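A short write-up of the structure that comes next.
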Amino acid sequence: MSFKDTAIFVLAGAASHVCAPFSSRTARRFKSSADKRDPRRRDSTPAIDATPVGLDATRAVQGTHEFVPYAPPAASTPAVRLIAHYLPQFHPFAENDAWWGKGFTEWTNVGKAVPNFPGHYQPHCPIHLGYYDLRIPEVMEEQAKIAREYGIGGFSYYFYWFGGKTLMEKPLRMMLENPVVDMPFCLIWANESWTRRWAGRAQEVLMAQEYSIEDAQALVRHLKDYMDDPRYIRIDGRPVLVIYRADIIPDVAGMAQAMRAEAEAQGFAGLYLIAAQSFDVGAPEKIGFDAAMEFPPHQIKRKDITDTMGVTNPDFTGAILDYDVVVQAALEKPEPDYKLFRSATLSWDNTARNQNAPRILAKFSLDRYRQWLSHLCQNVLKRDKYGPDEKIVFINAWNEWAEGTHLEPDRKFGFGYLAATHEAVPKTTEMT
């Protein structure tokens, strides 16, 4: 971090503790300004009863903030496969050098974040692996090791394919060639176009995504090397492939059919296709998919608490949401008729990518995260519609540091995220 960035961080961090909240008049002015610049900020969702279930209310709201040191639990076999989303952008590559500056990686933004309100946890600083570079093989080896120790049963790696062009594939190819990375995995096709959205210029396209049946078939052929790997996650013998934005694909059902046929031509038993409910996706069978997958913080019930947090950033136009309310809504969510892989998230906060207009899940607590994850695990275990290979829960995420959601240990909680995860997942001995 440069001297200038360090000075800004120190001053802003101090201000977050000593500055009084804005006056009500000033707060109303900021609210009006934010509404004009970001009309999505207002949310008409009715307030949800956020009374914790089975937990002391004070403990659940305040959370457990003690630093948890590295202490691998005794070996056990989880009864549910926990799959954590994994971002491979922690290494420099030519396109990012050209678009964002020489040497840019995900860490570039992470270190710049400063608090927007008193008690706002920013920046998130990694420990154990530090500010790692995925070009170093030992990094992915150690990630897999500690993930397995704490009950993680797979990584879902984001995969970036644009009409035959791939981005950030080098770490995945290294993983494929390194059996020491002892972790089952599947892939998520992150099929959005790349733009300068982080810089507030979403209309400026860096890498466009275009769709065709032929391109979908080419993607399956490209993925054959991954799906042939014995670590690749399969359901009923079929390799799992998650599509992040199925809603923006023209004739998505036709594409799904073509991808399945190509998989069979490549010697597989087909594909197990999962549509992420990132935006407008409901019942998966309507688009030719096998299942859907929740993707919080997308499509969550929420309560905007921005005006109660004493924002100290005069340029703030973002939204601060109550994590406790999100969890309570997830606990009360009914099971749909279709197959839906449930998902939990940690303290989602993309301040590192957008200092003045982030979306933040505030009042995060390890207790509520643990309760959320435990509920999802128990839910999938008791549902007969999910076969043995489908006893899966996803977690957002393993290493989304710029979005403030990561199981990897940090300076504040240490290994608390992973310890809570291990405590939440049922073990096979508990099910007998």
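The values are calculated or read from the model by the stated rules, or taken from the named source; none is laboratory data. What you see is a predicted model; the values in this text were computed from it and never measured. Virtual Cβ from ideal backbone geometry, glycine too; neighbours counted across all protein chains shown.
Taking residues in the range 197-208 that are closer than 18 Å to Lys165 by Cβ, and partners anywhere that are modelled with pLDDT of 80 or more and not in a strand (DSSP E or B), the pairs with Cβ atoms closer than 6 Å and at least 6 places apart or on different chains are Val205/Ser193; Leu206/Trp99; Ala208/Ser193. Considering only the range 335-347, state which residues are of a type outside the set (Val, Ile, Thr) and either at pLDDT 95 or above or not in a loop (DSSP other than H, G, I, E, B) (or both). Glu335, Pro336, Asp337, Tyr338, Lys339, Leu340, Phe341, Arg342, Ser343, Ala344, Leu346 - these are the residues of the range 335-347 that are of a type outside the set (Val, Ile, Thr) and either at pLDDT 95 or above or not in a loop (DSSP other than H, G, I, E, B) (or both). Does Thr351 count as within 21 Å of Met293 (Cβ to Cβ), out of contact with any His (no Cβ under 7 Å at 6 or more places or on another chain), surrounded by 20 or more Cβ atoms within 10 Å (Cβ to Cβ) and not aliphatic (A, V, I, L, M)? Considered against the rule, which asks whether it is within 21 Å of Met293 (Cβ to Cβ), out of contact with any His (no Cβ under 7 Å at 6 or more places or on another chain), surrounded by 20 or more Cβ atoms within 10 Å (Cβ to Cβ) and not aliphatic (A, V, I, L, M), Thr351 comes out as no.
Restricting Glu214, Glu204, Glu210 to those that are assigned to a loop (DSSP other than H, G, I, E, B) and either at pLDDT 95 or above or loosely packed, with under 15 Cβ neighbours inside 10 Å (or both) reduces the list to Glu210.
Taking the range 344-395 as the range and being in contact (Cβ under 8 Å) with a residue 24 or more places away in the chain and of a type in the set (D, E, K, R) as the test, the residues that pass are Asp349, Arg353, Arg359, Lys363, Asp367, Arg368, Arg370, Arg383, Lys385, Asp389, Glu390, Lys391.
Note on the range 311-362: residues that are of a type in the set (Gly, Ala, Ser) and within 17 Å of His406 (Cβ to Cβ) total 5.
Every residue in the range 217-227 that is touching a strand residue (DSSP E or B) at 6+ places or on another chain (Cβ under 9 Å), surrounded by fewer than 16 Cβ atoms within 10 Å (Cβ to Cβ) and either within 30 Å of Gly101 (Cα to Cα) or not hydrophobic (A, V, I, L, M, F, W, C) (or both), please. Residue satisfying the conditions is His222 alone. All of (1) within 26 Å of Phe185 (Cβ to Cβ); (2) surrounded by fewer than 24 Cβ atoms within 10 Å (Cβ to Cβ) hold for Arg359 with one exception: (1). Restricted to strands (runs of 3 or more DSSP E) entirely inside the range 241-334, those with at least 2 residues that are of a type in the set (Gly, Ala, Ser) are 272-277, 291-294.
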